[in-house]
Amino acid sequence: MSWEPGIVVFCCSECRCTGVEEAAGSNCKAPCNVRIVRVPCASLISEYMIMSALRSGADGILVAGGSFDDCHSAGEKVGDHRRFVLLENLLEFIGVEPGRVHLSWESASPGDQLRVLIENFTEEVKALGPASKLVKQLEPVQVVE
Amino acid sequence: MNMATINDQITDEIRKEARRLLKTGEVAALIGYAAGSLPMTVKPLVVRCLEDCERLVWNTFCVLNLATYLPEVLSSVETPYDPRDPRPEEPQAKVAILATGCWSRNIVIQIQEKRVDRERVVVIGVGSRGMVSRAKVKALFPEKDILTVDEGDHELVVHGADFTETINRWAVVRDNCQTCAHPDPVLVDIRIGEPVSERKNPHPFQQVELLEQRSSEERWAWFTAEFSTCIRCYACRNVCPLCYCPTCFVDDARPQWLGKSLDAVDTGLFHVLRAFHCAGRCTDCGACESVCPMGINMRMLTKKLNKDVRDLYGIEAGMEPEAPLPLTTFPLASVEFIVADLAPLPAAARIVQPSSEGDESCKHG
Ligand code: SF4
Ligand code: SF4
C-alpha cells in the first residue's frame with residue numbers, strides 16, 4: 001500500500017469546525033489518517049500542542065483558524081497569528097521543511113472548503129515525504145531472556 | 001597601565017553613588033557586580049549596607065544581565081504582607097540597579113509586563129563599551145591556564161604561569177556586543193561616565209542572514225550539530241530576565257511536553273520553544289550564550305526571531321516603556337497581512353483586513 005501521511009488538524013470549533021463532521025463523514029479522500037482536534041478558539045492552540053504533534057510523528061500539522069471578520073474574539077486571533085508566523089519561520093530557519101506546519105486563517109468555511117483545504121494539504125505533505133526532523137524515535141528495547 | 005582606566009573610574013563613581021544612595025536612604029538595595037573567584041568572571045552582588053559598597057566592581061567581563069535579579073530584590077525589600085491581604089498602600093522602598101543598553105531595555109520590558117514598578121527602580125545608567133567573551137580569550141590560549149587578566153582601555157594583558165601576552169580588546173568582545181546598535185541605556189535616572197553614542201550598524205543580523213541563505217538541509221545540519229552538545233543544565237534559561245514562569249514548560253509533568261533526557265529531539269524542542277518564548281522580548285543581551293558551559297550559540301535562534309519581529313511588526317524590544325508589547329497589544333487597523341494558503345482563493349480573500357473598531361487597540365494576555 002502506498003504511504004499515507006498522518007495529518008493533525010487543529011481547528012476552531014466556532015468558525016472552522018462547523019463543517020467538520022460533514023468533512024469527515026463525506027467521502028473525503030484521506031479521512032482515516034487525519035486527526036481533527038477541535039478547540040473552542042484558535043487562540044487556545046499553543047506552540048506546545050503543535051510541537052508535541054510534530055514530536056509524536058505527525059507528518060503534517062494544519063492550524064485552521066477562521067477569518068478575522070467573523071471571529072468572536074478577533075483580537076486574540078490576531079495576536080495568535082502574529083505568534084504563529086514567527087513559529088513557522090523559526091521552524092523553517094532550523095531546517096524543518098517548509099509546509100510541514102501550515103497556518104490557515106481563511107474565512108469561515110462550510111465543510112466542503114475545509115475538506116478541500118485538508119485534501120490539498122495532504123497532497124502537499126505527501127510530496128514532502130514522511131517527517132523525520134524533530135520526531136522522537138525511541139531505540140528499540142532489547143529484551144533479555 | 002598606571003593611569004586609571006575608564007572602567008576604574010566608573011568603578012569609583014559607582015561606589016561613590018552607591019554610598020550616597022544607601023546613606024541617604026534613597027534606596028534600600030543596589031544591584032551591581034563583585035569580582036568573581038575565577039579570572040575573567042564577575043558575580044552579581046546586592047548591596048544593602050555601606051561596607052559592601054567597596055566590593056562593587058565594573059570591568060569588561062560584566063556579561064550577566066542584572067535585570068534578572070531585579071524583581072526578586074524588589075520584593076525582598078517590600079513590607080511583608082499576607083498574600084490574602086491587599087498590597088500595602090504606603091510607598092515601598094526603592095532599589096537601584098546598574099544598567100547598560102540591553103539591560104535597561106530588559107528593565108523596560110519588565111515595566112511593560114508589569115513585573116516591576118517604574119517608581120521603585122533607580123536606574124544607574126552606564127554606557128557599554130562592549131563586554132569581553134571569556135570563551136574567546138580562552139580560545140586564544142589553548143591548553144594554557146590563564147591566571148589573571150589586566151585590563152587597559154583598548155587592550156587586555158593576559159598572565160599565565162609562564163607567559164604574559166597583550167591582546168586587542170575589541171577582537172575578543174562578544175558577538176552580540178559587536179553588532180549592538182544601542183550600547184547606551186534607554187532608561188537613565190543617574191548617569192555614570194560618558195554617554196556612548198548609538199552605533200551605526202549596517203549588518204546587525206549578518207550571522208542570521210548568512211544562515212538563511214544556506215539550504216534547508218544545511219540549516220538542519222547546523223541546528224543538529226550546534227545543539228548536540230547541550231547538557232540541559234538550563235543555565236541559559238535561568239540567567240535570562242525574560243524567563244520567569246513559576247513552572248517552566250520543560251519542568252511540566254502533566255502534560256509533559258518534552259522528555260527530560262538528552263535525546264536530540266527533546267533538546268532541540270527545548271531550544272526552539274525557549275527561543276520562541278523570547279520572541280519580541282529578547283534584547284540580545286547575550287547572557288544566555290555567555291553562561292553556557294558548552295559554548296552553544298543558542299542566541300542565533302532568538303536573533304532570528306528578533307529579525308522577524310523587526311521586519312514583520314517593526315518593533316525592537318524594550319525601547320520605550322510606554323510602547324505596547326508587539327505580540328499582545330496592537331492596533332486592529334494595522335492588521336493587514338497576506339495569508340498564504342494552499343487552496344487557491346480569489347486575490348481579494350487573501351488579504352485579511354478586519355473592519356471592526358478602527359484603530360482602537362485590543363489587548364489580551
Ligand atoms: S534570550 Fe538571551 S540574549 Fe535574549 S534577553 Fe534572554 S539572556 Fe538576553
Ligand atoms: S546553558 Fe548551554 S548546555 Fe545548558 S541548557 Fe543552555 S544551551 Fe544547553
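Each value in this text was obtained by applying a stated rule to the coordinates, not by laboratory testing. The structure presented is a predicted model; accordingly, all values stated were derived computationally and were not measured. Positions of Cβ are generated from backbone atoms using ideal geometry, with glycine treated the same way; all protein chains shown enter the neighbour counts.
If R0 equals 25 Å, the separation of the Cβ atoms of B:Glu51 and B:Thr24 corresponds to a calculated FRET efficiency of about 0.90.
Take the Cα of B:Glu322, go 7 Å toward its beta carbon, and the backbone nitrogen atoms of the range B:90-112 under 15 Å from that spot belong to B:112. The modelled label-to-label distance between B:Arg87 and A:Ser132, using points 7 Å beyond Cα along the C-beta direction, is 5.4 nm.
Per residue of A:53-61, how many C-beta atoms from partner chains lie within 10 Å of its own C-beta, taken as a mean? Each step should come with its number before you reach the end.
On the way: counts 0, 3, 8, 0, 0, 0, 0, 0, 0.
Taking all residues of A:53-61 together, the mean is 1.
Using only side-chain charges placed at the Cβ, +1 for Lys and Arg and -1 for Asp and Glu, the dipole size of chain B relative to its Cα centre rounds to 380 debye. Going 7 Å from the Cα of B:Glu113 in the Cα-to-Cβ direction, what parts of the range B:304-329 have a backbone nitrogen less than 19 Å from that spot? Only B:304-310, B:315-329 pass the distance filter.
Counting beta carbons within 10 Å around each of B:Tyr69, B:Tyr81 and listing the fewest first gives the order B:Tyr81, B:Tyr69.
Over the whole of B:268-278, what's the average partner chain Cβ count within 10 Å per residue? Rounded to a whole number, please. Before the final figure, lay out the partial values.
Details: counts 7, 8, 0, 1, 10, 6, 0, 4, 8, 1, 0.
Per residue, the number of nearby Cβ atoms from other chains is 4 on average.
Label-to-label distance, B:Ser76 versus B:Asn201, with points set 7 angstrom from Cα along the beta-carbon direction: 3.1 nm. Please find the FRET efficiency linking A:Glu139 to B:Arg214, where r is the Cβ-Cβ separation and R0 is fixed at 25 Å, and quote it to the nearest 0.05. It comes to 0.25.
Shielding value for A:88-100 is 6, the average number of Cβ atoms from other chains within 10 Å of each residue's Cβ.
If packing is taken as the average count of other Cβ atoms within 10 Å, what order do B:141-148, B:277-284 fall into, highest mean first? All intermediate terms of the calculation are to be shown ahead of the outcome.
On the way: B:141-148: 11.4, B:277-284: 24.5.
Packing proxy ranking, top to bottom: B:277-284, B:141-148.
Relative contact order, whole percent, for chain B stands at 15, derived from Cα pairs under 8 Å and 6 or more residues apart.
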